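Q: Handing you this structure, nothing more for now.
The values are calculated or read from the model by the stated rules, or taken from the named source; none is laboratory data. Note that the structure is a prediction, hence the values are computed from the model and not measured. No Cβ is skipped: glycine too gets one built from the backbone with ideal geometry, and neighbour counts run over all protein chains shown. The accessibility values were calculated without ligands, DNA or RNA, using every heavy atom of the protein model including side chains. Shrake-Rupley method; radii C 1.70, N 1.55, O 1.52, S 1.80 Å.
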Amino acid sequence: MEKVATLLLFGATGDLARRMLLPSLYGLDADGLLPADLRIVGTARTELSTEEYRERALEALQQHLPDGFYHAAVAEKFLARLSYIAVDATRLEDFPKLADAVGKCDSGLAIFLSTAPSLFKPTIDGLASVGLACADVRMALEKPLGSDLASSRQINDAVAAHFPEERTFRIDHYLGKETVQNLLALRFANSLFEPLWNSSHIDHIQITVAETVGLEGRGDYYDGAGALRDMVQNHMLQLLALVAMEPPAGLDATSVRDEKVKVLRSLRPMTLADTVIGQFGKGAIDGEPVPSYDEELGRDSQTETFVALKAHVDNWRWKDVPFYLRTGKRMPVRDSEIYIQFKAVPYDIFARRGAVSRPNSLLISLQPEETISLELMAKTPGLGRDGVRLRDVPLNLGLANAFSEYRRRIAYERLLLDLIEGDPTLFVRRDEVEAQWAWIDEIRAGWTAAGVTPKPYAAGTWGPSSAIALAERDGVSWHE
């Protein structure tokens with residue numbers, strides 16, 4: 001695919017644009033990675049002139065760029081790329097002025113659509129009505145892409161009416177994280193791991209995405225979604241797919257996504273006994289008191305802010321290996337990680353000498369720090385007259401230190417650059433999204449049929465006690 005000449009940003013005054021998109025585009029421009037003539041057109045309902053929008057963009061850069069990365073000369077060059085046009089997506093008559101601002105789309109146009117799900121179809125119909133859905137236009141879609149399989153299909157059908165699959169880029173920003181991509185390198189560029197990456201050698205896998213924050217002004221959206229749809233349906237299932245997928249034939253988009261969707265379609269239907277949901281109450285985070293979910297929301301609610309699941313991938317490689325998934329708000333720490341515990345050695349020759357040998361483990365941390373740590377058993381120094389002593393010794397790879405000569409990038413930098421250059425590998429295909437929703441919908445239907453409601457947990461803790469029991473009944477402890 002050819003690079004584009006114009007990038008059109010819907011939701012250009014929103015929080016995502018301020019915190020992520022504008023700093024990411026600035027970073028790409030600072031490194032000389034944007035096409036020299038690329039124009040960036042921002043649009044939203046807010047009435048602003050281009051100069052007023054540039055002033056807001058400048059404030060966003062100064063506030064959200066890493067320390068020492070803002071440079072006035074670079075910012076001046078970047079801001080010159082920006083223009084702004086106010087458009088109400090519900091008003092078809094607003095789109096002609098957008099077309100005038102964007103110009104002809106046959107010279108290369110990419111659209112980044114970050115809006116409420118209810119506005120997807122009106123926006124796409126409006127674009128089509130003024131000729132901004134021509135043959136080479138790429139459409140990037142930011143979540144949420146529906147609230148269940150049926151609504152997701154409606155959105156995808158509306159998109160597909162004007163943008164074929166090969167020009168549709170569904171975003172899951174976790175796929176832009178450096179450590180997530182390093183997962184592929186870890187598995188498929190090292191002969192050490194792939195022969196062991198199966199049920200014969202792995203005991204279980206844990207995936208945790210923990211947040212210390214509460215609603216952060218997203219109460220209306222979050223209360224309609226809950227933790228299962230907000231985090232598990234997209235980020236966590238994508239991580240599971242990357243961990244569990246078979247080696248792809250290559251790193252092209254088709255090969256990688258073919259293998260991911262096979263995993264998602266192999267997920268075993270969940271039972272109620274293998275799910276736990278909770279909702280945070282009053283508690284403390286970093287020593288500071290925080291309100292309950294209902295207090296923060298301003299009304300009573302039965303929406304879950306915590307989910308723990310014991311999942312299985314029913315295929316040859318992963319027969320009977322449990323995947324423990326856990327995500328929640330108001331957790332003790334902010335942490336996203338993949339923890340892989342290998343099986344114990346078949347016979348412990350050190351046991352008669354008083355030593356305790358524990359299974360090896362591999363920890364892949366995605367945030368707040370990007371690290372990979374392999375725990376090995378080693379003998380502690382000494383003559384061993386009172387017995388042999390073994391201890392876990394971590395082999396740590398801190399990516400920030402190992403690659404200190406490289407700037408740590410925002411995940412959206414890679415995704416925006418791939419959109420501009422037309423590489424869909426790190427974007428989610430429609431059949432992946434629908435396989436994810438089909439699994440999630442079954443879980444929610446089971447909760448509804450059984451009248452399951454969230455169990456309370458104190459803010460600053462690791463969720464309801466039943467989440468601990470979910471793993472401990474199998475002799476497993478959550479990695480913390």
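Q: Around A244, under 10 Å between beta carbons, what's the net of Lys plus Arg minus Asp minus Glu among the other residues? Write down the numbers at each step before the final one.
A: Working: positive: K260, K262, R317; negative: E246, E259.
Taking every Cβ under 10 Å from that of A244, the sum is +1.
Q: Okay, next question. In whole percent, and with a 1.4 Å probe on the protein chains, what portion of the accessible area of the chain is carbon and sulfur? It would help to have the intermediate numbers written out before the result.
A: On the way: 11170 of 21400 Å².
After summing per-atom areas, the C and S share lands at 52 percent.
Q: Could you work out the helix-only [θ] at 222 nm for the chain, with each DSSP H run of four or more residues adding -39,500 (n - 2.57) and the total divided by the number of residues, to the nearest 500 deg cm²/dmol? Can you show the working numbers first?
A: Working: 15 runs with 152 residues, N = 480.
Mean residue ellipticity, 222 nm, calculated: -9500 deg cm²/dmol.
Q: Based on the mean of other Cβ atoms within 10 Å per residue, sort peptides 151-160, 250-259, 120-129 so the most packed one is first.
A: Details: 151-160: 17.4, 250-259: 15.6, 120-129: 19.9.
The densest-packed peptide leads the list: 120-129, 151-160, 250-259.
Q: Whole number please: convex hull volume per residue, Cα atoms of the stretch 164-285, in Å³.
A: Numbers: hull volume 22.7 nm³, N = 122.
Cα convex hull per residue, to the nearest whole number: 186 Å³.
Q: From the cross-link list K3/K77; K143/K262; K143/K260; K104/K143; K177/K260, which pairs have alpha carbons spaced over 25 Å apart?
A: Table pairs above 25 Å Cα-Cα are K104/K143.
Q: Using alpha carbons only, how many degrees (0 to 90, rounded to 10) separate the axis of helix 430-450 from the longest principal axis of the chain?
A: For 430-450 against the chain, the angle is about 60 degrees.
Q: Still on this structure: Compute the accessible area per residue over the stretch 27-88, keeping the other protein chains in place, probe 1.4 Å, unit Å². Don't skip to the end; give the middle numbers.
A: On the way: 3250 Å² over 62 residues.
Averaged over the residues of the stretch 27-88, the accessible area is 52 Å².
Q: Give the Rg/Rh ratio for the stretch 196-260, taking Rg as the radius of gyration of the Cα atoms and Rh as the Kirkwood radius, to two decimals.
A: Numbers: Rg = 16.0 Å, Rh = 14.4 Å.
With Rh from the inverse mean 1/r over Cα pairs, Rg/Rh is 1.11.
Q: Rounded to the nearest Å, what's the spacing between the alpha carbon centres of the stretch 4-56 and the stretch 282-313? Just the number, please.
A: Comparing the Cα centres of the stretch 4-56 and the stretch 282-313, I get a distance of 34 Å.
Q: Which semi-axis lengths, in whole Å and largest first, follow from the square roots of five times the eigenvalues of the Cα gyration tensor of the stretch 79-231? If you can, show how the numbers build up before the last one.
A: Working: eigenvalues 269, 89, 50 Å².
Here the semi-axes work out to 37, 21, 16 Å.
Q: Hey, what's the stretch 153-236 come to in accessible area per residue, 1.4 Å probe, Å²?
A: Details: 2980 Å² over 84 residues.
I get 35 Å² per residue for this part.
Q: Okay, next question. Under a cut-off of 21 Å between alpha-carbon atoms, report the lysines in cross-link reach of K455, not counting same-chain residues fewer than 8 places apart.
A: Within reach: K282, K310, K329.
Q: Rounded, prolate or oblate: which one fits the stretch 406-480, using the alpha carbon gyration tensor with axes a ≥ b ≥ c (rounded when a/c is under 1.5, else prolate when a/b beats b/c, else oblate)? Present the calculation step by step, with values, prior to reporting the outcome.
A: Numbers: a/c = 2.85, a/b = 1.63, b/c = 1.75.
Here the stretch 406-480 falls in the oblate category.
Q: At 25 °C and 0.890 mPa s, grab the translational diffusion coefficient of the stretch 19-168 from Stokes-Einstein with a Kirkwood Rh over Cα pairs, rounded to a whole number in µm² per second. Numbers along the way, then the final one.
A: On the way: Rh = 16.6 Å.
After rounding, the answer is 148 µm²/s.
Q: Using only the Cα atoms of the stretch 1-70, build the gyration tensor, take square roots of its eigenvalues as a ≥ b ≥ c, and label the shape rounded, prolate or oblate: rounded if a/c is under 1.5, else prolate if a/b is larger than b/c, else oblate.
A: Values: a/c = 1.88, a/b = 1.08, b/c = 1.74.
It comes out oblate by the Cα gyration axes.
Q: Eigenvalues of the Cα gyration tensor times 5, then square-rooted: what semi-axes does that give for the stretch 229-304, in whole angstrom, largest first?
A: Values: eigenvalues 274, 49, 23 Å².
Three semi-axes, in Å: 37, 16, 11.
Q: Is the chain best put as rounded, prolate or oblate by its Cα gyration tensor, with a ≥ b ≥ c the root eigenvalues, rounded for a/c under 1.5, and otherwise prolate when a/b is larger than b/c, oblate when not? Please list the in-between numbers first.
A: Details: a/c = 1.81, a/b = 1.60, b/c = 1.13.
It comes out prolate by the Cα gyration axes.
Q: Hey, another quick one. Taking N as the number of residues in the stretch 73-144, what is its Cα Rg relative to 2.2 N^0.38 Å? Intermediate results must be reported in sequence, preceding the final value.
A: Details: Rg = 13.3 Å, N = 72, 2.2 N^0.38 = 11.2 Å.
That ratio works out to 1.19.
Q: Taking the solvent-accessible surface of protein heavy atoms with a 1.4 Å probe, what is the per residue accessible area of the stretch 432-480 in Å²? Numbers along the way, then the final one.
A: Values: 2270 Å² over 49 residues.
Per residue, the stretch 432-480 has an accessible area of 46 Å².
Q: About its Cα centre, what dipole magnitude does the stretch 236-339 give when the only charges are +1 on Lys and Arg Cβ and -1 on Asp and Glu Cβ, stated in debye to the nearest 20?
A: Numbers: 14 positive and 16 negative charges, 69 e Å.
I would put it at about 340 debye.
Q: Please get the size of the charge dipole for the chain, origin at its Cα centre, with Cβ charges of +1 on Lys and Arg and -1 on Asp and Glu, quoted in debye to the nearest 20.
A: 1320 debye
Q: Give me log10 I(q)/I(0) at q = 0.14, 0.23, 0.28 Å⁻¹ for the stretch 278-324, Debye formula, one equal scatterer per alpha-carbon, no solvent.
A: Debye curve over Cα of the stretch 278-324, log10 I(q)/I(0) at q = 0.14, 0.23, 0.28 Å⁻¹: -0.55, -0.81, -1.00.
Q: Sorting C134, C105 by accessible area (1.4 Å probe), largest first, what list results?
A: On the way: C134 40, C105 10 Å².
Ranked list, largest accessible area first: C134, C105.
Q: Now a separate question. Given a 1.4 Å probe and heavy atoms of the protein chains only, how would you sort L362, L16, largest accessible area at the top?
A: On the way: L362 0, L16 35 Å².
The most accessible residue leads, giving L16, L362.
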